[in-house]
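Asker: Quick one: the structure is below, and I'll ask about it shortly.
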Amino acid sequence: MTSDPSSPLQQALNAGLSRQTAALCVQVLAQYPVDTAQVRQPESNFLELYAAAKRYAGSFHQSLERFGQTVGFPAQSRPGGVKSLDRIVEKYQGDNRLLPLDMLAGKVVVPTLQALYNVAAQVGEAFEVVAYRDRLLRPQKSGYRDLHFIVNVSGHYAELKIMHQFFDSVDGYEHRLYEIRRSLEIRAQPVSLDGPEVYPVLESVEPLVLDTLEDTSRELFEKAWLMVLGREAGELPVVRYYLLGQVPVKLEERPGEGAALVAFDPLRGGYVADARYYSAIKREDREPVREISAAEFERQVERLKKTGAE
């Protein structure tokens with residue numbers, strides 16, 4: 001019997017989740033049936049909304065800390081408490097002037113996909129859940145993934161994200177790309193000074209930069225997701241050996257964890273762990289790079305030791 005490709009279970013399996021984790025995913029979807037796209041802030045006045053966020057920031061932070069203690073994972077609210085007013089005004093433009101749902105925001109960071117859904121199942125015990133979206137199954141355009149909640153804080157809606165720790169780390173780097181993209185996107189926003197809207201023209205190189213950064217973000221998050229799935233599946237580290245010029249290098253890539261690198265550098269008198277060797281291997285822009293066997297790696301190390309001893 002063919003599985004229904006549109007069913008939540010099949011979508012979860014297609015995303016790469018194990019059957020056990022996929023079952024948890026389906027349970028959480030059933031627990032919180034309202035999608036985040038269906039909700040709006042109860043407060044319609046911009047300034048009143050901002051004042052409410054400032055007023056409830058402390059209590060939201062305390063609730064989030066208690067929740068983190070209950071589930072046993074790090075939980076924190078947005079640094080500074082409330083979203084920057086400049087950032088809010090920037091988003092509150094154009095024809096679709098929706099008041100943001102993330103003026104108050106927090107996150108819980110967990111180490112595994114199962115923990116992600118186990119924590120998500122408990123959000124309703126600590127907060128009044130207004131809406132939920134599984135962004136592991138329906139990632140952002142950038143490829144970013146998490147479990148996304150909108151919760152009610154005394155009549156003010158706030159954002160709560162349950163994140164895998166690997167995506168949390170990657171997000172810190174990708175955010176720098178996002179800031180550059182955002183600065184270019186702002187330049188392209190229409191401007192109206194009591195007259196017809198004028199659309200600024202991006203300089204010839206700027207669309208290229210914008211498109212490239214978007215592609216880079218998607219590739220970064222897609223690779224992050226594959227690494228998370230690899231670690232969940234218990235994939236073994238992949239070990240490769242290279243000769244970078246005259247330097248033998250051992251590179252061990254660990255799914256969901258990162259890369260460990262050692263090189264025998266005769267100029268520094270032994271084994272070193274230097275990220276510049278990793279960059280040189282990946283880009284091949286310094287010395288000639290050749291993949292070698294483990295035995296050849298050992299022979300090259302011994303050769304350099306003898307050369308250094310002479």
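Asker: Just add up the charged neighbours of Arg78: K/R +1, D/E -1, any other residue whose Cβ is under 10 Å from the Cβ of Arg78.
Answerer: My count for the surroundings of Arg78 gives 0.
Asker: Now for a separate question. Residues in segment 1-43, backbone N under 15 Å from the label point at Arg55 (7 Å along the Cα-to-beta-carbon vector): list them, ranges by number please.
Answerer: 42-43
Asker: Can you list the lysines whose alpha carbon sits under 27 Å from that of Lys83, skipping same-chain ones fewer than 8 residues off?
Answerer: Lys54, Lys91, Lys107, Lys141, Lys161
Asker: A further question on this structure: Once R0 is set to 35 Å, what does the formula 1/(1 + (r/R0)^6) return for the Cβ-Cβ distance between Lys223 and Lys306, expressed as a FRET efficiency to the nearest 0.05?
Answerer: The computed FRET efficiency comes out at 0.30.
Asker: Find how much the distance from Glu253 to Glu48 grows on full extension, using 0.36 nm per residue of separation minus their present alpha carbon separation; answer in nm with one decimal.
Answerer: 68.7 nm
Asker: So, in nm, how far is label Arg19 from label Gln62 when the simple model puts each one 7 Å beyond its Cα toward the Cβ?
Answerer: Reported label-point gap for Arg19 and Gln62 is 4.7 nm.
Asker: Setting aside same-chain residues fewer than 8 positions from Lys282, which lysines have a Cα under 18 Å from its Cα?
Answerer: In chain and number order, the partners are Lys223, Lys250.
Asker: Let me ask something else about it. Report the paramagnetic label zone for Asp168: residues of segment 226-259 whose backbone N is under 11 Å from a point 7 Å from Cα along the Cα-to-Cβ axis.
Answerer: None, by backbone N distance to the label point.
Asker: Tell me, what is the per residue accessible area of the chain in Å², probe radius 1.4 Å?
Answerer: That works out to 57 Å² per residue.
Asker: If I model a spin label at Ile180 and Val239 as a point 7 Å from the Cα along the Cα→Cβ vector, what separation in nanometres do I get?
Answerer: Computed distance between label sites Ile180 and Val239 equals 3.6 nm.
Asker: Let me ask something additional. Nearest 10 degrees is fine. How inclined is helix 46-71 to the longest principal axis of the chain, computing both from alpha carbons?
Answerer: On a 0 to 90 degree scale, this one is about 50.
Asker: I've got another one for you. Once you sort the root eigenvalues of the Cα gyration tensor of the chain as a ≥ b ≥ c, which label holds: rounded (a/c under 1.5), prolate (a/b larger than b/c) or oblate (the other case)?
Answerer: In terms of gyration-tensor shape, prolate.
Asker: Also, I was wondering about something else. In deg cm²/dmol, rounded to 500, what helix-only [θ] at 222 nm does the chain give when every DSSP H run of at least 4 residues adds -39500 (n - 2.57) and the total is split over its residues?
Answerer: It comes out at -15500 deg cm²/dmol, rounded to the nearest 500.
The values are calculated or read from the model by the stated rules, or taken from the named source; none is laboratory data. Everything numeric here is computed off the predicted structure, so don't read it as measured data. Using ideal geometry, Cβ is built from the backbone for each residue, glycine included, and neighbour counts are taken over all protein chains shown. Note: areas computed on protein heavy atoms with side chains; ligands, DNA, RNA excluded. Shrake-Rupley method; radii C 1.70, N 1.55, O 1.52, S 1.80 Å.
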